[in-house]
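Rule-based calculations on the coordinates, nothing more; no lab input. Values in this document were obtained by computation on a predicted structure and should not be read as measured data. All Cβ positions, glycine included, derive from the backbone under ideal geometry; neighbour counts span all protein chains shown.
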Amino acid sequence: MECTQIKAKLADYSVGLLGERESKLVEAHLAQCPSCAAELRALERVDRVLKAVEPEEPPAHLWHSIRARIEAEHRRATPSWRRWFAVPRLALGSAAAAAALVAIAYFIVPRSPDGEAPQHENAEQLMHTHQMMSWGDPLSDKAALGVILASRSRLQEVP
């Protein structure tokens, strides 16, 4: 192995994170290369110094200030309409209001006794006008043609 590859693995080697095969390759290189061996000794000295230093407790307000900065950044990045749905109560309230509006609309729309929507009083006249307007190509509007045929069949009573 080359020195650049070995130096990339020296930190892991110094703390015992390499596998057996890689450790043997590094050891073989270190026996032949004084530059890499010196770098390993420097890493081991740094490790000893770090282990000798007592860990310092962070200030109590540190996490709160970090969290406040993250939330402020998130608020700036989030569109205002999405903030409403970030609060579960508001999202649930919005869903309930939408369901109530749908229910009200369902019960307010008038229907005939057989469950169909009431037809306009002048429906036949409107259909006739539509038929006259589309006289040039009567089959171009299949939906209107279906309504016309259906309205004619309802007008004729079956004996």
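Couplings 3J(HN,Hα) for segment 40-49, derived from phi with the Karplus relation 6.51 cos²θ - 1.76 cosθ + 1.60 (θ = phi - 60°), are 5, 5, 5, 4, 5, 5, 4, 4, 5, 5 Hz, where x marks Gly and Pro.
Electrostatic bookkeeping for residue 1 treats Lys and Arg as +1 and Asp and Glu as -1; over the other residues with beta carbon under 13 Å from its beta carbon, the sum is +1. May I ask for the net charge around residue 10, where only other residues with Cβ less than 11 Å from the Cβ of residue 10 are counted and Lys, Arg are +1 while Asp, Glu are -1? Taking every Cβ under 11 Å from that of residue 10, the sum is 0.
When the alpha-carbon atoms of segment 3-52 are used, the pair Rg, Dmax equals 10.6, 31 angstrom.
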